[in-house]
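These notes concern the structure reproduced below.
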Amino acid sequence: MSYPGLEYLVDAYGCDPGTLASIDRLNSVVERLMRDLKLRPVGKPMWHAFATSNAVTGMILLSDSHVAVHAFPDIQFAAFSLYYGAMRSPWPWSARLHELLGARHVEVRVEIRGRLLPGWNMPTNDLKDG
């Protein structure tokens, strides 16, 4: 038996505030992620710009789970959550977020969901950052 999913929790620091405040530019980052990993959205992305701050949040439902983005231009920080069920090669988070957001530091954590299920097997490759 394999595990039911992987969740990538990614924190990007020192990002360009203008990029983080732009829904169009954040959507481009998510489109690149989906294209590179061959993820399929099941509908249109949902984005929200907060009226009381410059913060932006977005969520895209995928055929095998979701990707969420929370961007805080005022503190130059973005948080990503990507959950999916099928094993894929890891996305090069650090390189891509430096390229697309100007991130100076990226921290990637991977959670294997369902690890206590009977018959669970740990993947053998490094999942953190391609």
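Readers should treat all values here as calculations from the given coordinates under stated rules, not as data from a laboratory. Only a predicted model underlies this, so the values are computations on that prediction, with no experimental measurement involved. Cβ coordinates were reconstructed from backbone atoms using ideal geometry, including for glycine residues, and neighbour counts include every protein chain displayed.
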Whole-Hz ³J(HN,Hα) from phi, Karplus 6.51 cos²θ - 1.76 cosθ + 1.60, for segment 95-111, glycine and proline x: 5, 5, 6, 5, 5, 8, 10, x, 4, 8, 8, 10, 10, 10, 10, 10, 10
Given charges at Cβ of Lys, Arg, Asp, Glu: segment 5-113 dipole, positive-most of G14, A51, S28: S28
Relative contact order, percent, segment 1-65 [alpha-carbon distance under 8 Å, six or more residues apart]: 27
Pairwise label distance in nanometres, R104 with F50, each label 7 Å out on the Cα-Cβ vector: 2.2
Largest-first principal axis extents of the Cα set of segment 1-71 (Å): 46, 26, 22
